[in-house]
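First the structure, then my questions, so here it is.
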Amino acid sequence: MVGQPVAVSMLKSDANVSFSGFMYTFVMFPARDADNDGVPDESSKDNDGDTLDDLTEIQGIAFNPVTPTDTQLADSDWDGVVDQLELVAGTDPRDPTSYLKINEINITNQNFVINWKGRANIDYQVLLYTNLLYTNDIFASPTLSSTNGTGDWEITWLSWTNNIDIDAKYYRINVVQ
Ligand SMILES: [Ca+2]
Ligand SMILES: [Ca+2]
Ligand SMILES: [Ca+2]
Ligand SMILES: [Ca+2]
């Protein structure tokens, strides 16, 4: 639904009456509502509700490198991470193998080495919890980042080593903004 660019006008002669301009606007497909927020796609700037406008998604300009995403899907590559969060993490929204996660944890001599695939120049922090509900972090690593990344997505391996002596350890990685 768009506003009309000029006012409605009327031309009248003896034989004809002509109207110009849009008299009404209406939604052709009110049932099409990708994110079910009650606003039909035709009237919505952000059909899938992932906070990226349709035009931004089509142009792909939110991402570096430029990567168009799906205007009708919040999670364009079905990897469980919505486009907007892939933007925050700097991962590829069209590659289901690319999203922020702990890739491996190695244990050697009481040391825990947390490894993850990150993106150069993004700041990360590893948080440590005693339970899987992630209610309270008992320890946070220093901010960690790398300037060396490879390929268009500047992929880099990061790691953090700790030997914190508690029975149960659950780790999580945050992007520090
Ligand atoms: Ca969107
Ligand atoms: Ca999307
Ligand atoms: Ca995704
Ligand atoms: Ca992805």
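The values are calculated or read from the model by the stated rules, or taken from the named source; none is laboratory data. Small disclaimer: the values here were computed from a predicted structure and weren't measured. Cβ coordinates were reconstructed from backbone atoms using ideal geometry, including for glycine residues, and neighbour counts include every protein chain displayed.
Among (1) surrounded by 14 or more Cβ atoms within 10 Å (Cβ to Cβ); (2) more than 27 Å from the chain's Cα centre (by Cα), where does residue 21 come up short?
Failing condition for residue 21: (1).
Taking only the stretch 128-162 into account, find how many residues are farther than 19 Å from residue 104 by Cα and touching a Phe, Trp or Tyr at 6+ places or on another chain (Cβ under 6 Å).
1
Give the number of residues within the stretch 39-64 that are in a loop (DSSP other than H, G, I, E, B), within 16 Å of ligand 4 (Cβ to nearest atom), of a type outside the set (A, V, I, L, M) and surrounded by 19 or more Cβ atoms within 10 Å (Cβ to Cβ).
Applying the first criterion (in a loop (DSSP other than H, G, I, E, B)) to the stretch 39-64 yields 39-40, 44-53, 60-64.
Next, only the ones that are within 16 Å of ligand 4 (Cβ to nearest atom) stay: 48, 50, 52, 60, 62-64.
From what's left, of a type outside the set (A, V, I, L, M): 48, 50, 60, 63-64.
Narrowing the set further to residues that are surrounded by 19 or more Cβ atoms within 10 Å (Cβ to Cβ) leaves 48, 50, 63.
Residues in the stretch 39-64 being in a loop (DSSP other than H, G, I, E, B), within 16 Å of ligand 4 (Cβ to nearest atom), of a type outside the set (A, V, I, L, M) and surrounded by 19 or more Cβ atoms within 10 Å (Cβ to Cβ): 3 in total.
Next question. Filter the stretch 104-135 for residues that are without any contact (Cβ under 8 Å) to a residue 40 or more places away in the chain and β-branched (Val, Ile, Thr) and give the result.
Residues satisfying the conditions are 107, 108, 135.
Answer with yes or no whether residue 93 is within 16 Å of ligand 4 (Cβ to nearest atom), closer than 25 Å to residue 124 by Cβ and modelled with pLDDT of 95 or more.
yes
Filter the stretch 71-81 down to the residues that are near ligand 3 (Cβ under 8 Å from one of its atoms) and surrounded by fewer than 20 Cβ atoms within 10 Å (Cβ to Cβ) and list them by number.
78, 79, 80
Let me ask something additional. Within the stretch 89-108, how many residues turn out to be of a type in the set (D, E, K, R) and in contact with a Phe, Trp or Tyr (Cβ under 8 Å, 6 or more places away or on another chain)?
Counting residues in the stretch 89-108 that are of a type in the set (D, E, K, R) and in contact with a Phe, Trp or Tyr (Cβ under 8 Å, 6 or more places away or on another chain) gives 2.
Within the stretch 55-72, how many residues are near ligand 1 (Cβ under 10 Å from one of its atoms), over 15 Å from residue 91 (Cβ atoms) and under 13 Å from the mean Cα position of the chain (by Cα)?
4
Taking interchain pairs and intrachain pairs at least six residues apart, which have beta carbon atoms under 7 angstrom, with the first residue in the stretch 149-177 and over 26 Å from residue 133 (Cβ atoms) and the second aliphatic (A, V, I, L, M)?
149/120; 149/155; 154/120; 156/120
Let me ask another. Within the stretch 77-100, is even one residue within 30 Å of residue 164 (Cβ to Cβ), of a type in the set (A, V, I, L, M, F, W, C) and within 12 Å of ligand 2 (Cβ to nearest atom)?
For the stretch 77-100, residues within 30 Å of residue 164 (Cβ to Cβ), of a type in the set (A, V, I, L, M, F, W, C) and within 12 Å of ligand 2 (Cβ to nearest atom): present.
Select from the stretch 82-120 the residues that are away from ligand 3 (no atom under 12 Å from the Cβ) and either at positive phi or within 13 Å of the chain's Cα centre (by Cα) (or both) and list them in ascending order.
Passing the criteria: 90, 109, 110.
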